[in-house]
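First the structure, in the form of structure tokens, and then the observations on it.
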Amino acid sequence: PEPVKAPVIEEPIVKDEMRVLSCDIALMDSKNGKNNDNAIFTFFRCIPKNENYIAEVLHQASYEGAKAKELALYIKRLYYDGQCEYIVLDCAGNGISVLDELGEITVDTERGETYPPLKAMNEDRYMERCGYPNAQKCIYCIAGNQKLNHEIATQLKTSFQNKTIKLLKNQMEAEDFIEGFATMTPQQQADKLLPYIQTSLMQNEIICLEYEIKQSYIRVYETGRNRKDRYSSLSYGNYFIRLQEKKLQKRSKKKSSINLW
């Protein structure tokens, strides 16, 4: 895969803004060197408004056939390029090996950078995997189960319904409002369109997903050759953002209570 970086966010970070990188993990199959799934990274810019976070999904990146060490490098690049506060990481299955790599010092020979170790922020079993006691605690680990997957799916639906999550326009609309698009070189046009193409792919993937009610829980699943890795990355990130949103609301209520006195 090519070296990656987050989209350039020209707007300065506003008060209480939160930036989140959500990662759905898929690794190269060590036996045959192939994998049907992609690792998907989703970049959120979250702006507080009326005790809620408006989560703007500005970018997705996909990688197929990478190893754990490579994915950890990509994640750290995106994390620091995008000035993120948190990483949401799928730690089920092979994802745990990426967590272990994130917990190490990472040397980026292509950029001439050295990234520090990053550590889990939830659950002792994940935090203890990092050998650096003073590493930054910024990784929220998710290992899906029937109940949690139900909560993640319903929370994403709610976020779309109450408009607290926003996607870019699709690629068909993008050319009309990208300033100076017609005068760009083909490579510049391709670079500008990429986030919108990724958005279209994500929307198409979500539309093709199926769901069923099993033991009172919603199960979202793919059929045939369809995938749900983009959905997973999006929904994991949104779930974490809503957890942080509850903390935002508690702080707001506490502040209001103090002001009453």
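In table form, for the structure just shown:
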| quantity | calculated |
| --- | --- |
| Ordering of 188-199, 62-73 by burial proxy (mean other Cβ atoms within 10 Å per residue, highest first) | 62-73, 188-199 |
| Segment GLU128-ILE178, extension gain: residue separation times 0.36 nm, minus the distance between their alpha carbons | 13.4 nm |
| Too-long pairs where the Cα-Cα distance tops 30 Å, listed order kept, from LYS76/LYS166; LYS67/LYS119; LYS119/LYS192; LYS166/LYS246; LYS163/LYS214 | LYS119/LYS192 |
| Helical mean residue ellipticity (222 nm; -39500 (n - 2.57) per DSSP H run of 4+; nearest 500) of the chain | -13000 deg cm²/dmol |
| Dipole magnitude of segment 172-261, debye to nearest 20 (Cβ charges: Lys/Arg +1, Asp/Glu -1, about Cα centre) | 1100 |
| Solution diffusion estimate, µm²/s, Stokes-Einstein, segment 80-232, Kirkwood Rh from C-alpha pairs, 10 °C, viscosity 1.306 mPa s | 85 |
| Among ASN226, ASN38, ASN238, residue whose mean-square fluctuation peaks in a GNM of the chain (springs only between Cα atoms under 10 Å) | ASN226 |
| Cα-based Rg of segment 110-195 normalised by 2.2 N^0.38 Å, two decimals | 1.72 |
| Alpha carbon convex hull of segment 46-103, projected area averaged over orientations, nm² | 4.9 |
| Fraction of beta bridges assigned by DSSP in the chain that are antiparallel (%, nearest 5) | 65 |
| Accessible area per residue in Å² at 1.4 Å probe, computed on the chain | 57 |
| Rounded percent of accessible protein surface that carbon and sulfur make up, segment 104-261, 1.4 Å probe | 50 |
| Size of charge dipole - segment 40-191 - debye, nearest 20, with Cβ of Lys, Arg +1 and Asp, Glu -1, no other charges | 460 |
| ³J(HN,Hα), Karplus 6.51/-1.76/1.60, whole Hz, each residue of segment 143-150, x for Gly, Pro | 10, x, 9, 4, 5, 5, 4, 4 |
| Gyration tensor (Cα) of the chain, equivalent ellipsoid semi-axes in angstrom | 26, 24, 22 |
| Sequence of VAL88, VAL14 when ordered by accessible area, the most exposed leading, probe 1.4 angstrom | VAL14, VAL88 |
| ³J(HN,Hα), Karplus 6.51/-1.76/1.60, whole Hz, each residue of segment 115-132, x for Gly, Pro | 9, x, x, 10, 10, 5, 10, 9, 6, 4, 5, 8, 4, 6, 6, 8, x, 10 |
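The values are calculated or read from the model by the stated rules, or taken from the named source; none is laboratory data. Everything numeric in this text was worked out from a predicted model, so none of it was measured. Glycine gets a Cβ as well: all are built from the backbone with ideal geometry, and neighbour counts include every protein chain shown. Protein only, heavy atoms only, side chains kept; ligands, DNA and RNA dropped before computing areas. Shrake-Rupley method; radii C 1.70, N 1.55, O 1.52, S 1.80 Å.
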